[in-house]
Amino acid sequence: MSTPVFQPKQRAYESSERLRVLLDLSLALYRCVDLHCLMRDTLPKVRQILNVEAVSIMIADTPENFLQVVWNENLPEALDDFLKKTRIPMERSIAGSVFKSRCGEVIADVRQDSRHYAYLDQTLGFQTRSLLAIPLVSEDHAVGVLECINKTDGAFEPADVELGEAVAGILCLAIQRATLFEDLKKRNVQLQNLVDSCNRKILEIESEKERLSRELQGRHQFQSIIGSSEAMLRVFEHARHALNSDITVLIQGETGTGKELIARCLHYEGLRRDGPFVAENCATIPENLFASELFGHVKGAFSGAVRDRKGLLETAHNGTLFLDEVADMPMDVQKSLLRTLEDGSFRPVGSNETRRSDFRLITATHKDLQKEVDEGRFRQDLYYRISVFRIDMPPFRERYGDVPLLALHFLKEFDQKYCKNISSIDTEALELLNSYPFPGNVRELRNEIEGAYAVADAGRPLMKKHFSPKLLAFAKTTTQKRSQKLKECLETVECNLILEALQSSKGNQTQAAAMLGLSRYGLAKKIRRYKLSFEKGKHR
């Protein structure tokens, strides 16, 4: 008689408890980002309210042919590792069937269901009797299965299924949220590692930049230039007077004498060493593009000008502009450059905007610029403007004693690059280099050393035979000239001795021959050969 009185109250209580569990679970979902903590706190409540022996959650294992028990409630803790390592096949399990169909099922007696995967029961010593299996579905994508195992009091009811589905829905959201959070954490760690790596790279680059800058400055200092001849020492002493000012410099000298090297030394040892060094060879710029190259241009200034472009003047701002072969600059550009040198202002091609650039100008040429002015090929006013300070580079043939130093310097440079272990030059080869006039100056010497190094045997010194046919032909001609000169000297000495002997013997050839250690016939033959006449005492 008491059952009808208390049953509604009991069901109302159970319903209230279930709603409270769902509310607590929902709140926990938003409070907790640690999925393991969430499951640890939630699954006991689910097991208790559903009145089941155990609860487990299985997640699909890539590539979704298996399920893995990730969380469980009320199974022996000692079996956790075993369960997590065990893979439940999709094709031979109730959970796999529910996962694929995405429809929940209540199995009153799993022993009567052919899909039951009995391996776990047999291994764990656990007997599964009844089962509530509900898929964890996110939108249209299943991620796992919630299993409520063995109803302890009676059978699963529709209310149990409703609660299980509600719990599954909340847990699915929790799994999604936690997975996303874990993914974000991993990505954040990866990003932080990437940032740290980039910062290290930046520090390395900055350190390398400073090292290279120091090396570059050291490489472009006057004391680093190879040469101890009086001619080069005079150049160094003179050039140093132009270091601590922005005075315009004109460097004149033959091709290959090192004009650009001196210009770089003036920049890297000067006041503008921290600014850019911009170098350009005027002889290589087409005349119709010269103004654009020097002053820059704006988009649409001419056919092919698809974007704005800075010129050499703007690029050299706060630094040095070095114009090699300045004598080849077109006359109309010379006029514009002169205006820029007056106040630093210029206009890019196609623009009405006046810009300014603060730069130092150093120019160089292998031509006689005064002659170019006299013949009307170079503006006189620009010549005066750029030649305020003039440096004349001596040709190599005037740099006595510098050939061996430079030859060995270039040899070391190529050996560091190609590693053939060649560190010396044969004496005969060095004599040849010393005697050759090198019309191409230092650049020609460098090319000769590089060519010889290429054909020389590893570990052996450079030999005379390794040099170019041009040098070998010069050596042959020089040897012939020396031989001819020696022959002429010997003939002159011989003639003088014969004449002295004839004079002493008063023309008696027999006595003269005895004095010279010759036969009378031998002496007569030499007299005829040299066309000597005692009476005249000279050659005919």
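Among the residues of segment 271-303, those that are assigned to a loop (DSSP other than H, G, I, E, B) and either more than 30 Å from the chain's Cα centre (by Cα) or surrounded by 18 or more Cβ atoms within 10 Å (Cβ to Cβ) (or both) comprise ARG272, ILE285, PRO286, GLY296, VAL298, LYS299, GLY300, ALA301, PHE302, SER303. For first residues located in segment 427-445 and at positive phi, partners that are open to solvent by 20 Å² or more (accessible area, probe 1.4 Å) and not acidic (Asp, Glu) and lie 6+ apart or on another chain with Cβ distances below 8 Å form the pairs PHE438/ARG397; ASN441/THR255; ASN441/GLY258.
Selection of segment 306-338 for residues being open to solvent by 10 Å² or more (accessible area, probe 1.4 Å) and in contact with a Gly (Cβ under 7 Å, 6 or more places away or on another chain) yields ARG309, LYS310, GLU314, ASN318. When restricted to residues that are within 20 Å of SER435 (Cα to Cα), open to solvent by less than 50 Å² (accessible area, probe 1.4 Å) and hydroxyl-bearing (Ser, Thr, Tyr), segment 384-402 contains 0. Do you know which of the residues in segment 251-270 that are among the small types (Gly, Ala, Ser) and part of a loop (DSSP other than H, G, I, E, B) is surrounded by the most Cβ atoms within 10 Å (Cβ to Cβ)? Selected residue: GLY258.
Looking across segment 155-166, just one residue is surrounded by 14 or more Cβ atoms within 10 Å (Cβ to Cβ) and assigned to a loop (DSSP other than H, G, I, E, B), and that is PHE156.
Listed here are the residues, each with its yes/no results for (1) in a loop (DSSP other than H, G, I, E, B); (2) β-branched (Val, Ile, Thr); (3) open to solvent by less than 20 Å² (accessible area, probe 1.4 Å); (4) modelled with pLDDT of 90 or more.
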residue	(1), (2), (3), (4)
ALA364	no, no, yes, yes
GLN370	no, no, no, yes
LEU382	no, no, yes, yes
PRO404	no, no, no, no
LEU411	no, no, yes, yes
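Residues that are touching a strand residue (DSSP E or B) at 6+ places or on another chain (Cβ under 8 Å) and open to solvent by 50 Å² or more (accessible area, probe 1.4 Å) within segment 138-154 comprise just one, THR152.
For every residue, the table says whether it meets (1) modelled with pLDDT under 85; (2) in contact with a Lys or Arg (Cβ under 7 Å, 6 or more places away or on another chain).
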position	(1), (2)
ASN65	yes, no
ASN74	yes, yes
ARG102	no, no
ASP109	no, yes
SER114	no, no
LEU120	yes, no
LEU132	no, no
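The condition (being surrounded by 13 or more Cβ atoms within 10 Å (Cβ to Cβ), touching a helix residue (DSSP H, G or I) at 6+ places or on another chain (Cβ under 6 Å) and at pLDDT below 70) is satisfied by just one residue among LEU29, LEU50: LEU29. State yes or no: is LYS420 surrounded by fewer than 19 Cβ atoms within 10 Å (Cβ to Cβ), within 39 Å of the chain's Cα centre (by Cα), over 20 Å from LYS259 (Cβ atoms) and free of Cβ contacts under 8 Å to residues at least 12 places away in the same chain? When the stated conditions are applied, LYS420 does not pass them.
The values are calculated or read from the model by the stated rules, or taken from the named source; none is laboratory data. Keep in mind that what you see is a predicted model, and the values were worked out from it rather than measured. As a convention, Cβ positions derive from the backbone with ideal geometry for all residues, glycine included, and neighbour counts pool all protein chains shown. Please note that ligands, DNA and RNA were not included when accessible areas were found on the heavy atoms of the full protein model with its side chains. Shrake-Rupley method; radii C 1.70, N 1.55, O 1.52, S 1.80 Å.
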